[in-house]
Every structure is written in C-alpha cells, then in structure tokens.
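Enquirer: Can you keep this structure in mind? I'll have questions shortly.
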Protein chains: 10
Amino acid sequence: MLTKKEAAEAVRQAKVATGVTWAQLAEAVGRPPAWTTAALLGQHPMSKDEAAAAVALLELREDVAAALRSQPTRGALDAAVPVDPTIYRLYEVIQVYGPTIKELIHEQCGDGIMSAINFRLDVQRVPDPAGDRVVITMDGKYLPYQW
Amino acid sequence: MLTKKEAAEAVRQAKVATGVTWAQLAEAVGRPPAWTTAALLGQHPMSKDEAAAAVALLELREDVAAALRSQPTRGALDAAVPVDPTIYRLYEVIQVYGPTIKELIHEQCGDGIMSAINFRLDVQRVPDPAGDRVVITMDGKYLPYQW
Amino acid sequence: MLTKKEAAEAVRQAKVATGVTWAQLAEAVGRPPAWTTAALLGQHPMSKDEAAAAVALLELREDVAAALRSQPTRGALDAAVPVDPTIYRLYEVIQVYGPTIKELIHEQCGDGIMSAINFRLDVQRVPDPAGDRVVITMDGKYLPYQW
Amino acid sequence: MLTKKEAAEAVRQAKVATGVTWAQLAEAVGRPPAWTTAALLGQHPMSKDEAAAAVALLELREDVAAALRSQPTRGALDAAVPVDPTIYRLYEVIQVYGPTIKELIHEQCGDGIMSAINFRLDVQRVPDPAGDRVVITMDGKYLPYQW
Amino acid sequence: MLTKKEAAEAVRQAKVATGVTWAQLAEAVGRPPAWTTAALLGQHPMSKDEAAAAVALLELREDVAAALRSQPTRGALDAAVPVDPTIYRLYEVIQVYGPTIKELIHEQCGDGIMSAINFRLDVQRVPDPAGDRVVITMDGKYLPYQW
Amino acid sequence: MLTKKEAAEAVRQAKVATGVTWAQLAEAVGRPPAWTTAALLGQHPMSKDEAAAAVALLELREDVAAALRSQPTRGALDAAVPVDPTIYRLYEVIQVYGPTIKELIHEQCGDGIMSAINFRLDVQRVPDPAGDRVVITMDGKYLPYQW
Amino acid sequence: MLTKKEAAEAVRQAKVATGVTWAQLAEAVGRPPAWTTAALLGQHPMSKDEAAAAVALLELREDVAAALRSQPTRGALDAAVPVDPTIYRLYEVIQVYGPTIKELIHEQCGDGIMSAINFRLDVQRVPDPAGDRVVITMDGKYLPYQW
Amino acid sequence: MLTKKEAAEAVRQAKVATGVTWAQLAEAVGRPPAWTTAALLGQHPMSKDEAAAAVALLELREDVAAALRSQPTRGALDAAVPVDPTIYRLYEVIQVYGPTIKELIHEQCGDGIMSAINFRLDVQRVPDPAGDRVVITMDGKYLPYQW
Amino acid sequence: MLTKKEAAEAVRQAKVATGVTWAQLAEAVGRPPAWTTAALLGQHPMSKDEAAAAVALLELREDVAAALRSQPTRGALDAAVPVDPTIYRLYEVIQVYGPTIKELIHEQCGDGIMSAINFRLDVQRVPDPAGDRVVITMDGKYLPYQW
Amino acid sequence: MLTKKEAAEAVRQAKVATGVTWAQLAEAVGRPPAWTTAALLGQHPMSKDEAAAAVALLELREDVAAALRSQPTRGALDAAVPVDPTIYRLYEVIQVYGPTIKELIHEQCGDGIMSAINFRLDVQRVPDPAGDRVVITMDGKYLPYQW
C-alpha cells in the first residue's frame, strides 16, 4: 500500500499528465475544492466513493485509492516555519496579526477559540481594477473554554 | 520614549481599566477594527491623529502616542510556533491546509502569492444554530512572479 | 497592573506564607481543584467573585485580583520540551503513547480529536498496597472533523 | 529482520486489509487495548505468544513477530512538538495544565512524580447528551524523591 | 516524473558533462542569466519552449523538461542558516545590514517592503585594479503597507 | 558607558525627536548613507569625529558617542530567521536565489566568495511608471579560495 | 521571597565569602555531599532544620532559608546541551555510551530503566599514580516497565 | 564496506538470532562489557582480533569485522535530547545534578574536568531488598586546566 | 556521476582497503596534507591532474575523479554543533576562546577578520616529554572592514 | 559580588577608558596574552595576585577582582552558532575543515583528541607582502582513547 504522502505525489503527477484541475476533481468528488485538495494531498480521509471518483478522473491505480481512504497523521509542512513564499505569507499573517485575531475573537465571543476541526476553508480570486485579489475565508465553530 | 511593545502593554491595561473595546477604538480612530487592533498592539504605525484619538479614549499619556506613531519592527509572536491555543489554531490551519491554499492560488491565479502587505483582514462572529462561528477573512492582492 | 505571570508568582509565595492549599483555594473559589490551580497559575480568567475569594484567602492585594481576571495568553512551559521531571513524565507519555491514543480515539470515535477547550482535568492520589498511585483523568469533548 | 518501525507500518496496513480492530487484537493478545496498540506500534516488546497471536490475526509473516518481540528504543513522535491535531491536543494539555498537574501531585503526595514506567493508560468514549466525550486515564505509581 | 530537485541535479551534471555555461543556457532560453539559473535549479517554472531549449542544449531527456515546467515549492537551502561560505556571506549581510536596509527603505519610501516576487536579480563581476568585485543587484517593486 | 545596542536605541529615538534623517546624518558624518546607518545602529565603529558629528546633530550626550566609537560584536537580528516582513524578504531572496548567486559567482569568477568585509552597500528608490522600485546593490571584493 | 535561583546565587557567593565548603555544608546539614549541593543549588527542597543549618553556616538571611525549603521546578542547565566543558563531558558520555548503558540495563535487568528519582549520586577523587581520577557513581532503583 | 551504523544494526540482529549476550561477547573479545558493547555499537574501533572474535561468535560476515575495525565518528543519539526513557534518565541526571557534579569536582580537584576519553564505564545490577538497583560508575582521569 | 559526499565515502573506504595514508595522498597530489584531505573529503575542487593522481593511488574509478573535480557546496558537519569528541573540542575552543581571539585580532590588526578563504591550515603532532601534543595552525589573511 | 559576565563588561569599559591594552594587561598579570584575555573575559579563574594586578591597571574596584578569581561556568557565545563575522570565521573553519583535522589527528596520533583543557592558544599578526596574516596556533595535549 502507498503512504498518503506517496499518494499525494502520485496525484500531483497525474494532475499534470491528465490536465485535470482541482476544481474538476472537487466536482467529480462532490465536495468543495479546498476540502478535496486537502484530502488528495493527504490531510483528510476520503470515503470509498470519493476516492474512486478522484482516482478514476486522474487515471490512477487502485492502491492510490486505498491510501486516500486511510486515516491521516496530519501536518503538511516540511519545517516548523514554511519557506515557500506563497505559504510563508500565511505564516507572516500570523506573526503580524495573530494577537490581533486573538483579541477580536475574545472581544466578540469571549474566552475561546475558532475550531480548526469543525472548520471550512475557501480560496477565491476576486477581480479588482487595482489588481485582482486572493481572498481566503477561514470559517470555524467558536468553542468557548468550558470545564 | 516607550517601545512599541511597552505601548501595547499600556494599551491592554488601559483597555481593562477604562472598559473601552477594540470596536470603540476602531471607531474613534476611523479605521477598521483589525487594522486598529494590530496598530495598537504595535504592528502598524499610526498617524498623528489616529494615535491621538486612541490615546485620548484610553486616557493614556502622550509618550504612548509617540510610540504608536513610530515605525514598527513587525512580528508579534514570542516563539516560532505559538502555544496559546487561540493563536495556535491559525498555525494548525497552515500545517493542515497550507499546501492546499498554495495549490488553489496557483490554479486560479498562476505562479504567485497573496500579498500580506497589500492586505486586509476581518474577523466576525457569525450566528449559527449549530453554534456560532468565527469567520476570518484574509484579503490580499495577488502578486504574480514577475521578473 | 501585574501581569498574569507576576500574579501567579505572588500566589505561589502567598500559598507558602499562609499555608493555604490548592484544595482550600478551590473550595473558596467554588470550582474544581485543577481548574482553580490552572486559573491561579495564569491559564484561565477568573470571574470577579472567584478572584476576590482567592485573593482574600491568600491575603493578597487587589491588583493581583485584577490580573487573575484578565484574559490569558496561555502556555505555561518555559521551553518546548519541559525539563522538570514531574512535568517531563507527561511529555514522555505523549512520546511513547501519543500515536496509541490517536489510534484508539479514531477506532472508537472516528476522524477527530479530544477537545482541549471543552475539557476538564482531575488529579487524584489513589491508595494502592503496592504503592499509591497518581491518576490523571483528561476528559474532553469528542470533536469530529466536520466541514 | 524488520525494524520495529517497519513492523508497525506492516501492522497498520494489515489492519486495513483485514479489517481487524485494535480491540480485537487486544483480545487475541490477552492484554488491555492501550498496551496492545502501543506494543504493535513498536513501543513495548511482546512475548512470543503475544506476538504470535497478533501476527496470526493480522495474517502477517513471521519476521513481523520477531520485530514485535525485540526490545524497543522508545519515542514515537517525528518531532519534539507533534503537528497532528489529535496528538497536538495532548501537548496543548501539558502547555496549559502541566504546572497545575505538578502542583496537585506535590500537594497530594509530596515531592515526587507519577511514574511513566509503572504506568497504565486507558482511552474511552463516554456517551454524553451534550456530545460524547473522550476520557483518557493515566495511572502511574507515585514515586517520591528518595536518596 | 522527476522531482524538481532531481531535475536540478541532472542539470548540474549535464552542465559538467557538456561544458555548457549558465550564460549560454540563458541565451538559449531567452531569459536573463539569474532567472534562468534559478529556474534550472528548480525555483521558477519554465514555459514549454524554455524548458525544451534548456534540455536540448544540455542533452537531457524529456522528463527533465516536464519537471522544469512544473510549479515549484520554493526554498533552496538545506538549513535555516546556510553553511556554504559563498552563500553564508549573503546571510551575514542580512545579519549586519538587515536593519540598515529596512531603515533606508522606510526613509526613502515609507512603511513597506521591497517585493521578492516582483523582483529581478543580477550578478556581475566588475573589474577593479584593487581586486575584481562581485556586484549583486536586487531590484524589487516597492510595496507600501496598504489596507 | 552605554552598550552599542542602547546607543542605537538612543539614536532611533533622537531621530524621531529631532526629525533628522539618515541622509542628513550621512552628510554630517561624511560617509555613505548605508555605512552611516549601519554604524549608528551599532554594526561599525565610528571615528571620534564621525561620532561627534552624529551626536551633535541628534542632540545626544557624550556617552552615546563613546559607545558609537567602540568595537562592535556584530549581528543585528534577534533570531536566526528574521520575522519583520521588510527584512524577511532579504532572507527569502537567499532561500530562493542563494544557490543561483553561488553558481553565477563561480561561473564568472571561479571558486571563491563575494567578501562581506571588503564590501559596500547601497539602497535606492528608483522611479518606475509601473510602481517605484527598491534597488539594493551589494558590492564586495571577489576573494578566490587560495591556500 | 527569593526564587530558588536567587537563593542558589546567594549560596555561591556566601560560600566564597565565608570559605565554607560543600563538604562542611553537607556535614552541618546531615546529608550526603551531592544531595546537599544539589539542594543548595535549588534542585531539592530542604527541611526546616536543613535549611536553617545551611543558612547559619553561610551567614545568610532567613529569606534564603525560605527559598531553600520551597518545592523546586527542577532543571539546572541554561540550554539543552551544556557548553561548560566540565558539564559537557557528562553529555558526551551520553552521546557516546547512552545506547551502551541502555543495552546493559536491558541485558541485566530486562525492559525498564534506572530511576532518576529513587536515586543517589556520589562524586569522589580517587588517587591514581597515573593521574588521579574522578569517579561518579549513579545509583538508581531499577524500575521495570509494568502495566 | 558497511558503515559502522549498519554494522551495529547487523550486530543487534545477530545477537537476537544467536542468543549471544553482551557479556559473552565481552568475554570472547577479552574486554570489559561496557567497552565491548560500545565498540560493537560503533563507538570504538576494534583491533583485528577483537573484531574477528565478535564476528565469529555472532556468525556474521567478514565485512562487518572491517566496519568494526574502522575509526568511528562518534555520537550515538538521534537527537540532541534523547527520547527513549531509559536513555533520557541519564540526560535528566545532567539537568538536575550537572552543576552539582561540577561543584564537587572543583571542590575536590580544582579547576578542571573528568576526562571522557581516558575513561571507563561500568553498569551493574545490585540486589537490594527494597528493589534491585542499577549502579553506573563513570571513572575518568582528572584533567586540570593547564596552559 | 557521484556526489562529492559519495566520492568522499569512496575515498575513505579505498584508504582502508589500500592502506594509503593522507600524507601519501598529499605527496602524490602535490599539495599540503590538510588541503588534500579537505579536497578528498569534498570541501575543495581538485584540478584534473590532482584528482587523477589521487584516484590512481586509491585504485578508484574515473567517476570519483569527476566528483572530486566539481565545485563543492561546502560544510562538512552533520549538525550545527558537532558531537564527535575529536571535532567537538574545536567547537569548545570557540565557545571558550572565541571572544578572546576576536579581541586579540582587533588589538593587533584593527576592525576586521582572519579570512577563512585566503587561508591555510596545518596539523602537526609535536613530541613532548609530558605527553605529545597536537598543534593546529590556522593562517588566514587579515581582511580589514573596508567600504 | 559581580558575576563574571558583569566583571568582563567592566573590564571592557575600563580598557576603553584607560587605554590599556590586552598586551599590557598580560604583562602586568604575568601570563600569556590569550590566557589573560580569556580570564578577564570570564573564562578562567585568576589567582589573587593576577586579579589584583589587572584590577589595579584598569583602575577597577575590588569586587571586580573577586569576580575574576571565582570559578567560571565557561561558554562565551550567545548562541550555538556565532554571528559576529570575526568569530564566525572560526566556526566556518570547523564546518569546512573539522573532519580534515580529525583525519589528520587520527593518522598522526591514533584514536584520540587534542585536549582543550591541557591547551594553549596564541594569536599573532604576521607581516606578509601580499597582505598581513592572522596566525592562530592551537596547541593541546594529545589524549588517546584509553579504558
């Protein structure tokens, strides 16, 4: 059986070979694009049907589907601080705005957190005359500290 | 003169003492809440009027205003990986979804990044019958790699 | 105003000076011992009455109460890996049994986590003829991954 | 001969292939589930009979049994701080409650530790109308500092 | 398909085998030398024609061209701080002059950064009677902090 | 006597108080702006006259001049990897282009380095209709490996 | 009240001022030299009488005795790997012989550890014609892994 | 030729396969058990006869003997701080007692170190009615600081 | 083609197999022993003749010669701080005497460095009745800070 | 009493104030320059007379002499890898030549080390028509591994 990391690598290469997009994969799988991409990169387990649909579109073998269905040990970065500039900007946002987000969560909701488990994510290109924008929406359930 | 870090600490304490909220500070300053909070925590320089408005509302001294106006050396975390659970969840999002966000930016926009400089942030509590949600919107200009 | 760390230090010293125990503090505050200890060590915000009760019993000043009521930035270890032997054993448990706990959560509950926010903790000495035992019970809400 | 890490990987894959659960493995081996899972993941040496029972149920080869019986060099995390969210929550508990647990051990028992060697662990799903809970019980012999 | 790192290694070896220079490769590819070198070392994606031109000159196989065209996850150092002396000197420049560069950018341009995305680089040997010099020109768009 | 770090802090504050620019300081000192800024931030020792000129313009006390003249232990970053975005971009350039610069130095000059000791630096804002640019020129003597 | 670290510093200085040795302190305290030294350096809590005896001999104030009696958070090194050569040699012994010691414990005793809690230590200078020797004896209870 | 690490792995597996003990190996080699174990784990070079005796007893091939005879680059831990509990306890001893050992060496011998080169080690199980003990004796030449 | 690291490993093994010494290799190559050893371990590029002479003496294949001639990315330690005791002592010298060396360079030469590029190294065993000595001579060009 | 670090700082400032050189201090103390500098920077304990001579020449108070005489905890770098360029070059020498030095020690002397305890150091400026040189001589007793 492949590891989830090897399966993710197979998915990336098949995407290039077949020209299939993440959007098309999401449609075939029947899930939002961000969830589908994360699952195909090894961060979420897929159901039998979801894995089958993705593997069929990507013209991959059955053992990739088995890996996609298995329970992940999550964490996709190679180092504590990412060096790829596209990913690093997210880390920079935490460095600059992390305490700000914490203060605003506490002011609006009380002592608690935004869940990263009961959570959904969206990434959109938004046209703008001054240059198009990338809008990332993180939407997680508020969980109050509760004994 | 105070450092920006000392000024941020003075702001936090004056907030507790006066009962003023970040939302009220943002209104007094005339800027969005997330920008205002970040600036008062030492991550953005304020104009003379902005600093004066904040300091007046918080009943702080003039030297805090001077610190709020000075150019920051940014970076608000005490360690490379934050340990406070509210802030850590943002780091967890990068660990689990960082490469997903990268893939979706590249698919929708090409080879480039979401700017964290030409950037705005919003944090909202959104009512939900299954439990209210925290929605964080990161909105940055798309910058293509360009030689 | 004191920081929460300075307040925690004041609490520790007053405990020695007055001879008051964590158990007595918990009873005065009206909360379980583990919650009360964590709050007095700066990891949870106390209500006005809770802080007042603790400060009265410890014969501390009012500014300690103010610090105990303020919102914490959590995280009580001085380093990523603790060196105090009593605390290190907890880290060793994660090193040896972390993946075991993960497997058993997934087998019994599915793909998700034990919340550390909706969470309670208990520490008990349990008599045993072969030598008394320390029993630590961690009890957190199961949160399934949910998009 | 396989390493214990390779044997653990073989166990995981055979579990998926055969559909056998950790609970069934524990019953076949005649040991508690947490011990059995830890042993099969390479953190405890198994006796000849225990290894044979596990390997038979999982339809694995004899060299896996040999690896399961060998003395481990323990430590199951890939990094000092785990990034998988299910395991990270345990680390977060130490960050937030580590000194609290230390204080309560000292108050109830004196200057010493909870052993992680003379130690047993249990993980249970506990039904709860407000959402089922995961309850982790760590039960270790109290060891006083003794010269 | 090769990874970009394997492709970079193939490029380096073919360069030695064929005696082709980075300058000749840049000319064949039709791009500046620094961009071309970075792309062939796996830090920029090449267009179909660029990759074909490079691969032809280096007498490499088609699968290298495919790797050169794929989207990189950038970051070329093996460690956070480089140990090769030629590369370390660049790090030393940041250690000694980083805050100086920051001050001069802020004085001349305001609160913002030099982009490393909208960016070009040049490396030149400049004859000098007191010993020739290496002149590195970093030329990036000024991006003001803008909400 | 002040440390060089305390002197640098005094310089920064006096700059704000007096409104003097790095450019004016450089002119008064009779040295290029980048050298002057680095020296005033504690990275180069100043001569008696240079320190006196700077201190006079900034209206600082004599003990600052003494610190400015003393031999520095260089290194201006608080951490191995800088987090301030303006400085981080320089680090990103090394991550993405470090090996490229190394290759081009070796191709043009042979086996050696660009000196960071026999070295000069310039930072310029360059007007550009598509947005002004920051141009950083690093100019160091080529030093061949020589036994 | 002093911290245990401040008390340790006071002990060190009083030792120099009074000329009292660790051996004399151990005799006054009525405990072995290694235990006494560790306790006075803040790694073990002393009883009321032990602290009083040490403080009397060292001519220190009462608040040092209070600190010596309080419960320590143990861990005496400033960094994960010690740099002082006398202490580093102990670390080198673990680097070179750690797995050897582990093998010999397992061969002689089974799967378990040497306790560092139920533990005593002795340091002796042993005359030797080829140069005197330092002999360090670590003597800890064997603890078998036991569920 | 095998590396010393591969040879050590071969030794461990042959020990399990043949049932030979470290004590028997030491006797065959004609060296103390701790030295023999360390050498077979790759931390000391063996003479031709020593390697031959060990390889014969373990029924290993000649290339293992060659590796056992070669000069080691020492250091047997996978990380700066060991995570295996049996080895970690040694590290804990340094954390808690390192400065104590340093003080006692200095008091008994003067300013110097216990050599870890001119050094011998012994590990013994010592029967004790309250539970058997592990006694580790480190015996190194005293080396005074000498210019 | 071999990497330089693989070539270095081949050199080490051929040295053992042939019994050739570094001194003999240096003589064959026509370079000082330290330079030759460093080059054969992958830290300096060799000329065609040098590589050929070394490879001939070591009875190695031509592809080793090609690797020996290629441009190195320098840096020979596996970790930031070396653990092999023979190499660690050099690091210890920097820990204890680094600032001393810096002070003496500045006192004798001014503000500058000893070059590690225009640099030669010698290692000699020097007979001494009190025990032979190792004498390491580092001889680098003085480079003054020069703008 | 001052710490040795504070005493070192006092020495540095007094050197500037009085204009005394390390060479003059060494002569007054009656010890070689490198030893004297290291001792005054806190890395070696001085005798009563040595400390008195240094303090007299530097016009410092008696408490500095007390600190200079006390036993040091050695280690003079602020970080594992030094960033000051003058000191970093020594680290670079270990990175590039560390294994070379190890090989040459083993070839000339056998399996052992150059002592850093029975050790002396010299730093000299050596005139050279092609530019003066800094020559650092490290001279330590050879210590063979000896059980």
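The values are calculated or read from the model by the stated rules, or taken from the named source; none is laboratory data. It should be emphasised that the depicted structure is a prediction, and the values quoted were computed from it without experimental measurement. Methodologically, a virtual Cβ is constructed for each residue, glycine included, from the backbone with ideal geometry; neighbour enumeration extends over all protein chains shown.
Enquirer: Please work out if A:Asp128 is surrounded by fewer than 22 Cβ atoms within 10 Å (Cβ to Cβ) and either polar (S, T, N, Q) or under 19 Å from B:Asp111 (Cα atoms) (or both).
Expert: Values: surrounded by fewer than 22 Cβ atoms within 10 Å (Cβ to Cβ): yes; either polar (S, T, N, Q) or under 19 Å from B:Asp111 (Cα atoms) (or both): yes.
Against the criterion (surrounded by fewer than 22 Cβ atoms within 10 Å (Cβ to Cβ) and either polar (S, T, N, Q) or under 19 Å from B:Asp111 (Cα atoms) (or both)), A:Asp128 qualifies.
Enquirer: Among (1) under 24 Å from F:Val64 (Cα atoms); (2) outside any helix (DSSP H, G or I); (3) of a type in the set (A, V, I, L, M), which single condition is J:Val81 missing?
Expert: (1)
Enquirer: Consider the stretch E:123-147. How many of its residues are touching a residue at least 60 places away in the same chain (Cβ under 8 Å) and more than 9 Å from chain F (Cβ to nearest Cβ)? Reasoning before the result, please.
Expert: Step one: list which residues in the stretch E:123-147 are touching a residue at least 60 places away in the same chain (Cβ under 8 Å), which gives E:123.
Still in the list and also more than 9 Å from chain F (Cβ to nearest Cβ): none.
Looking only at that region, the number is 0.
Quick grid of which residues meet (1) farther than 27 Å from H:Val81 by Cβ; (2) among the hydrophobic types (A, V, I, L, M, F, W, C):
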| site | (1), (2) |
| --- | --- |
| G:Thr21 | yes, no |
| G:Leu25 | yes, yes |
| G:Pro32 | yes, no |
| G:Ala66 | yes, yes |
| G:Gly75 | no, no |
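Enquirer: Here's a follow-up. F:Glu27 is checked against (1) more than 27 Å from F:Asp78 (Cα to Cα); (2) touching a residue at least 12 places away in the same chain (Cβ under 8 Å) and fails just one. What number does that condition carry?
Expert: Unmet for F:Glu27, out of (1) more than 27 Å from F:Asp78 (Cα to Cα); (2) touching a residue at least 12 places away in the same chain (Cβ under 8 Å): (2).
Enquirer: With the requirement that a residue be assigned to a strand (DSSP E or B) and more than 7 Å from chain A (Cβ to nearest Cβ), what does the stretch B:95-114 give you?
Expert: B:Gly112
Enquirer: Does F:Ala34 count as touching a Phe, Trp or Tyr at 6+ places or on another chain (Cβ under 8 Å), outside the structural domain of F:Val135 (by TED's automatic domain parsing), assigned to a helix (DSSP H, G or I) and surrounded by fewer than 22 Cβ atoms within 10 Å (Cβ to Cβ)?
Expert: no
Enquirer: Taking the options C:Ala38, C:Ala79, C:Ala52, C:Ala34, name whichever one is farther than 22 Å from D:His106 by Cα and among the aliphatic types (A, V, I, L, M). Working first, answer last.
Expert: Numbers: C:Ala38 fails: farther than 22 Å from D:His106 by Cα; C:Ala79 fails: farther than 22 Å from D:His106 by Cα; C:Ala34 fails: farther than 22 Å from D:His106 by Cα.
It is C:Ala52.
Enquirer: Please enumerate the residues belonging to the stretch D:129-147 that are assigned to a loop (DSSP other than H, G, I, E, B) and either over 23 Å from C:Thr86 (Cβ atoms) or out of contact with any helix residue (DSSP H, G or I) (no Cβ under 6 Å at 6 or more places or on another chain) (or both). First the steps, then the outcome.
Expert: Within the stretch D:129-147, the subset assigned to a loop (DSSP other than H, G, I, E, B) is D:129-132, D:145, D:147.
Within the stretch D:129-147, D:Pro129, D:Ala130, D:Gly131, D:Asp132, D:Tyr145 qualify.
Enquirer: Can you tell me which residue within the stretch G:17-31, out of those that are surrounded by fewer than 16 Cβ atoms within 10 Å (Cβ to Cβ) and among the hydrophobic types (A, V, I, L, M, F, W, C), is modelled with the lowest pLDDT?
Expert: Going through the qualifying residues, I end up with G:Ala17.
Enquirer: Still on this structure, I have one more. Considering J:Gly98, J:Gly110, which residue is outside the structural domain of J:Glu50 (by TED's automatic domain parsing), of a type outside the set (S, T, N, Q), surrounded by fewer than 17 Cβ atoms within 10 Å (Cβ to Cβ) and closer than 29 Å to H:Thr37 by Cβ?
Expert: On the way: J:Gly98 fails: surrounded by fewer than 17 Cβ atoms within 10 Å (Cβ to Cβ).
Going through J:Gly98, J:Gly110 in turn, the sole match is J:Gly110.
Enquirer: Would you call C:Arg74 without any contact (Cβ under 8 Å) to a residue 60 or more places away in the chain and within 29 Å of A:Gly110 (Cα to Cα)? Show your work before the answer.
Expert: On the way: without any contact (Cβ under 8 Å) to a residue 60 or more places away in the chain: yes; within 29 Å of A:Gly110 (Cα to Cα): yes.
For C:Arg74, the condition - without any contact (Cβ under 8 Å) to a residue 60 or more places away in the chain and within 29 Å of A:Gly110 (Cα to Cα) - is met.
Enquirer: Sticking with this structure for a sec: Quick one: which of C:Ala67, C:Ala76 is assigned to a loop (DSSP other than H, G, I, E, B) and in contact with a helix residue (DSSP H, G or I) (Cβ under 7 Å, 6 or more places away or on another chain)?
Expert: Numbers: C:Ala67 fails: assigned to a loop (DSSP other than H, G, I, E, B).
Step by step, each of C:Ala67, C:Ala76 is checked, and only C:Ala76 is assigned to a loop (DSSP other than H, G, I, E, B) and in contact with a helix residue (DSSP H, G or I) (Cβ under 7 Å, 6 or more places away or on another chain).
Enquirer: Within the stretch J:37-58, can you find the residues that are over 12 Å from the mean Cα position of the chain (by Cα) and not in a loop (DSSP other than H, G, I, E, B)?
Expert: Result: J:Lys48, J:Asp49, J:Glu50, J:Ala51, J:Ala52, J:Ala53, J:Ala54, J:Val55, J:Ala56, J:Leu57, J:Leu58.
Enquirer: If I ask for residues that are modelled with pLDDT under 95 and either buried (at least 23 other Cβ atoms within 10 Å of the Cβ) or among the acidic types (Asp, Glu) (or both), which ones from the stretch I:51-66 would you list?
Expert: I:Glu62, I:Asp63
Enquirer: Something else about it: Please verify whether the stretch E:1-16 includes one or more residues that are without any contact (Cβ under 8 Å) to a residue 40 or more places away in the chain, crowded, with 20+ Cβ neighbours inside 10 Å and not in a loop (DSSP other than H, G, I, E, B).
Expert: To start, the set of residues in the stretch E:1-16 that are without any contact (Cβ under 8 Å) to a residue 40 or more places away in the chain comprises E:5, E:8-9, E:12-13, E:16.
Retained after the next criterion (residues that are crowded, with 20+ Cβ neighbours inside 10 Å): E:8.
Right, trim to not in a loop (DSSP other than H, G, I, E, B) and you get E:8.
Yes; the residues of the stretch E:1-16 include at least one that is without any contact (Cβ under 8 Å) to a residue 40 or more places away in the chain, crowded, with 20+ Cβ neighbours inside 10 Å and not in a loop (DSSP other than H, G, I, E, B).
Enquirer: Name every residue in the stretch G:115-128 that is within 24 Å of H:Ile113 (Cβ to Cβ) and either assigned to a strand (DSSP E or B) or of a type in the set (Ser, Thr, Tyr) (or both), in order of residue number. Even if it seems obvious, please write down each step before you answer.
Expert: From the stretch G:115-128, those within 24 Å of H:Ile113 (Cβ to Cβ) are G:116, G:119-128; that's our starting set.
Selection gives G:Ala116, G:Phe119, G:Arg120, G:Leu121, G:Asp122, G:Val123, G:Gln124, G:Arg125, G:Val126.
Enquirer: Taking the stated definitions as given, is B:Asp78 within 17 Å of the chain's Cα centre (by Cα) and closer than 22 Å to B:Gln13 by Cα? Before the answer, list the steps.
Expert: Working: within 17 Å of the chain's Cα centre (by Cα): yes; closer than 22 Å to B:Gln13 by Cα: yes.
Spelling it out, B:Asp78 is indeed within 17 Å of the chain's Cα centre (by Cα) and closer than 22 Å to B:Gln13 by Cα.
Enquirer: Being crowded, with 22+ Cβ neighbours inside 10 Å, within 7 Å of chain D (Cβ to nearest Cβ) and within 17 Å of the chain's Cα centre (by Cα) is the requirement here; does C:Leu90 meet it?
Expert: Numbers: crowded, with 22+ Cβ neighbours inside 10 Å: yes; within 7 Å of chain D (Cβ to nearest Cβ): yes; within 17 Å of the chain's Cα centre (by Cα): yes.
Considered against the rule, which asks whether it is crowded, with 22+ Cβ neighbours inside 10 Å, within 7 Å of chain D (Cβ to nearest Cβ) and within 17 Å of the chain's Cα centre (by Cα), C:Leu90 comes out as yes.
Enquirer: On to the next question. Take E:Glu59 and decide whether it is acidic (Asp, Glu) and touching a residue at least 24 places away in the same chain (Cβ under 8 Å). It would help to see each step written out before you state the result.
Expert: Details: acidic (Asp, Glu): yes; touching a residue at least 24 places away in the same chain (Cβ under 8 Å): yes.
Yes.
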